[in-house]
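Colleague: Let me begin by handing over the structure; questions about it come next.
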Amino acid sequence: MAEKDIIDLLLADHREFRELFPQLREASGKEREELFHYLVARLASHEAAEESVVHPALRDDVPGGEEVAISVLQEEADAEQLLHRMTKMEVDSDEFAAALGHLERDVLAHADHEERDEFPRIREHLDVTHRREMGRAFTTLRQSGPTRPHPRTPQAPEIRAAVGPMVGIFDRARDAARDAFKR
Ligand SMILES: [Fe+2]
Ligand SMILES: [Fe+2]
């Protein structure tokens, strides 16, 4: 398989996040719960990968990158906190629906921010070989993650087993990313 540029892989994730939110809004009950667990797992590994390799490259190799790294990191920390609160909510509650709206705005604004201020700079200052090496590690990291539940055909036990418990999911994603990107 051809190696992919890490930035292309991260952009594909952003596209998926943009698609998942409307599906989450439409879904309810078990289906919404499964889609939400899948979204959390994907966001956890996505942000962990960005933290492990993209932010360090931004700080080290991109002039003025430090400032961008600090602001995107803050947005990621805010979204992570909101997600933690959401894992304790009943998915069909008004509280969850409100939090989901909030999360959608934050995650999509964050993705736009990265696409505008971060990814173009990474492409400009990091050579393609390096970006593809990162992409290979990211693909490996993703192979151990959950597959997307098909809308309207819930497969609860399998999905739950693949995602694992929600508690500590971001910490586990960070450990996995650290291993995957070790060079
Ligand atoms: Fe991010
Ligand atoms: Fe991102």
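Colleague: Which pairs do you get when a residue that is within 30 Å of Asp94 (Cβ to Cβ) and near ligand 1 (Cβ under 10 Å from one of its atoms), found in the range 32-59, comes within reach of a residue that is of a type outside the set (S, T, N, Q) and assigned to a helix (DSSP H, G or I), reach meaning Cβ atoms under 6 angstrom, with the pair 6+ apart or on two chains?
Modeller: His46/Asp13; Glu47/Glu76
Colleague: Got at least one residue in the range 34-56 being surrounded by fewer than 18 Cβ atoms within 10 Å (Cβ to Cβ) and acidic (Asp, Glu)?
Modeller: No, that holds for no residue.
Colleague: Does Arg116 meet the test of being exposed (fewer than 14 other Cβ atoms within 10 Å of the Cβ) and either outside any loop (DSSP other than H, G, I, E, B) or at pLDDT below 95 (or both)?
Modeller: In short, yes.
Colleague: On to the next question. With respect to the numbered conditions (1) out of contact with any Lys or Arg (no Cβ under 7 Å at 6 or more places or on another chain); (2) among the small types (Gly, Ala, Ser); (3) over 19 Å from Asp117 (Cα atoms), which one is the sole condition not fulfilled by Ser71?
Modeller: Condition not satisfied by Ser71: (3).
Colleague: Just give me the residues in the range 94-138 being within 14 Å of ligand 2 (Cβ to nearest atom), among the hydrophobic types (A, V, I, L, M, F, W, C) and over 30 Å from Ser28 (Cβ atoms), in sequence order.
Modeller: Phe119, Ile122, Met134, Phe138
Colleague: Given the conditions (1) over 17 Å from Ala69 (Cα atoms); (2) modelled with pLDDT under 95; (3) within 14 Å of ligand 2 (Cβ to nearest atom), and given that Ser52 satisfies all but one, which numbered condition is not satisfied?
Modeller: Of the numbered conditions (1) over 17 Å from Ala69 (Cα atoms); (2) modelled with pLDDT under 95; (3) within 14 Å of ligand 2 (Cβ to nearest atom), the odd one out for Ser52 is (1).
Colleague: Here's a follow-up. Say whether the condition of being at pLDDT below 95, farther than 17 Å from Asp8 by Cβ, assigned to a loop (DSSP other than H, G, I, E, B) and of a type outside the set (Asp, Glu) is met by at least one residue in the range 167-177. Walk me through it before giving the result.
Modeller: Taking the range 167-177 as the starting set, the residues that turn out to be at pLDDT below 95 are 167-177.
Okay, now just the ones that are also farther than 17 Å from Asp8 by Cβ, so 167-177.
Filter once more, keeping what is assigned to a loop (DSSP other than H, G, I, E, B): 167-168.
If we keep only those that are of a type outside the set (Asp, Glu) as well, we get 167-168.
Yes, some residue in the range 167-177 is at pLDDT below 95, farther than 17 Å from Asp8 by Cβ, assigned to a loop (DSSP other than H, G, I, E, B) and of a type outside the set (Asp, Glu).
Colleague: Considering only residues of the range 63-93 that are within 22 Å of His125 (Cβ to Cβ) and either touching a Pro at 6+ places or on another chain (Cβ under 6 Å) or part of a loop (DSSP other than H, G, I, E, B) (or both), which is farthest from ligand 2 (Cβ to nearest atom)?
Modeller: Pro63
Colleague: OK, next. Give me the pairs: first residue in the range 87-109 and under 22 Å from Pro165 (Cα atoms), second residue in a loop (DSSP other than H, G, I, E, B) and hydroxyl-bearing (Ser, Thr, Tyr), beta-carbon distance under 8 Å, and six or more apart or on different chains, which are they?
Modeller: Once the first residue is under 22 Å from Pro165 (Cα atoms) and sits in the range 87-109, its partners that are in a loop (DSSP other than H, G, I, E, B) and hydroxyl-bearing (Ser, Thr, Tyr) give Val91/Ser28; Asp92/Ser28.
Colleague: For the structure I just gave you, tell me whether Asp106 is modelled with pLDDT of 95 or more, over 20 Å from Ala177 (Cβ atoms), surrounded by fewer than 14 Cβ atoms within 10 Å (Cβ to Cβ) and of a type outside the set (Phe, Trp, Tyr).
Modeller: Judged against the criteria, Asp106 is not a match.
Colleague: Do you know which residues across the range 19-33 are exposed (fewer than 14 other Cβ atoms within 10 Å of the Cβ) and either within 30 Å of Arg131 (Cβ to Cβ) or among the aliphatic types (A, V, I, L, M) (or both)?
Modeller: Passing the criteria: only Glu19.
Colleague: I'd like to check something: does the range 120-132 contain any residue that is within 13 Å of ligand 1 (Cβ to nearest atom) and out of contact with any Cys (no Cβ under 9 Å at 6 or more places or on another chain)?
Modeller: Of the range 120-132, the ones within 13 Å of ligand 1 (Cβ to nearest atom) are 122.
With the extra rule that they be out of contact with any Cys (no Cβ under 9 Å at 6 or more places or on another chain), the set shrinks to 122.
Looking through the range 120-132, at least one residue is within 13 Å of ligand 1 (Cβ to nearest atom) and out of contact with any Cys (no Cβ under 9 Å at 6 or more places or on another chain).
The values are calculated or read from the model by the stated rules, or taken from the named source; none is laboratory data. Keep in mind that this is a model prediction, so the values were computed, not measured. Note that we place each Cβ from the backbone using ideal geometry, even for glycine, and neighbour counts take in every protein chain shown.
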